[in-house]
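The values are calculated or read from the model by the stated rules, or taken from the named source; none is laboratory data. Everything quoted here is computed from the prediction, not taken from an experiment. Heads up, the Cβs are rebuilt from the backbone with ideal geometry, glycines too, and the neighbour counts pull from every protein chain shown.
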Ligand code: NI
């Protein structure tokens with residue numbers, strides 16, 4: 001086996017990190033490196049290595065790792081520490097059934113409070129996705145689009161769970177849409193979500209969301225099936 005370069009060497013830190021920002025800087029830096037593949041699935045992240053790399057104590061490292069674990073980006077394994085998670089964990093149908101519950105509730109709570117700024121942001125994301133060819137960017141815009149419609153839900157804990165689900169999906173989209181040869185992704189579902197939200201038609205909007213997430217779970221299930229035997 002050839003010696004692989006240490007994935008952590010792909011992470012660069014500009015200057016000392018102020019103590020009060022340490023947790024969020026570490027979290028954001030590691031999240032970006034996991035999402036863009038510099039830290040591949042299965043990479044072990046040792047607390048002491050990270051503390052040395054960022055020039056901080058182990059406490060903010062531990063807190064940042066806990067946040068990333070809540071976002072399903074890594075797992076804490078006994079005796080091994082934190083490990084970058086596989087792209088899709090467990091049963092995709094179960095994951096999406098749960099996401100549908102959470103996102104439906106966020107949408108239902110948010111719709112009565114949405115304003116022109118929210119609709120404009122959502123429309124901007126749709127237009128950007130129409131012309132975007134880079135799947136990493138599409139994954140990111142997809143998350144921003146959905147959050148624009150959920151942000152006014154008025155329940156921070158619910159929104160954290162919802163956004164964690166979207167981050168997991170963003171990571172999947174980045175790596176796999178291209179490999180699956182899906183070509184240009186239709187924005188019809190997103191347009192329908194935006195239109196029904198703008199009309200304040202909660203029932204129609206929830207139906208559109210169910211259809212949209214139903215399509216996503218189909219794509220992911222097909223992807224997982226295609227990997228069987230790899
Ligand atoms: Ni979407």
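Can you tell me which residue within region 123-132, out of those that are away from the ligand (no atom under 11 Å from the Cβ) and touching a residue at least 40 places away in the same chain (Cβ under 8 Å), is farthest from residue 170 (Cα to Cα)?
For region 123-132, the residue satisfying everything is 123.
Might you let me know whether region 6-16 holds any residue that is under 30 Å from residue 214 (Cβ atoms) and surrounded by 12 or more Cβ atoms within 10 Å (Cβ to Cβ)?
No; the residues of region 6-16 include none that is under 30 Å from residue 214 (Cβ atoms) and surrounded by 12 or more Cβ atoms within 10 Å (Cβ to Cβ).
Go through region 29-142 and tell me which helices (runs of 4 or more DSSP H), entirely inside it, have 3 or more residues that are in the same structural domain as residue 168 (by TED's automatic domain parsing) and either surrounded by 14 or more Cβ atoms within 10 Å (Cβ to Cβ) or touching a strand residue (DSSP E or B) at 6+ places or on another chain (Cβ under 9 Å) (or both).
Once the helices (runs of 4 or more DSSP H) in region 29-142 are filtered for at least 3 residues that are in the same structural domain as residue 168 (by TED's automatic domain parsing) and either surrounded by 14 or more Cβ atoms within 10 Å (Cβ to Cβ) or touching a strand residue (DSSP E or B) at 6+ places or on another chain (Cβ under 9 Å) (or both), what remains is 92-110, 116-131.
Of the conditions (1) at pLDDT below 95; (2) more than 27 Å from residue 135 (Cβ to Cβ), residue 40 satisfies every one except a single condition; which number is it?
(2)
Please go through region 204-220 and pick out each residue that is away from the ligand (no atom under 13 Å from the Cβ) and surrounded by fewer than 18 Cβ atoms within 10 Å (Cβ to Cβ).
Of everything in region 204-220, those that are away from the ligand (no atom under 13 Å from the Cβ) and surrounded by fewer than 18 Cβ atoms within 10 Å (Cβ to Cβ) turn out to be 204, 207, 218.
Please find, within region 1-43, the residue that is nearest to the chain's Cα centre (by Cα) out of those that are closer than 21 Å to residue 172 by Cα and free of Cβ contacts under 8 Å to residues at least 12 places away in the same chain.
Looking at residues that are closer than 21 Å to residue 172 by Cα and free of Cβ contacts under 8 Å to residues at least 12 places away in the same chain, I get 32.
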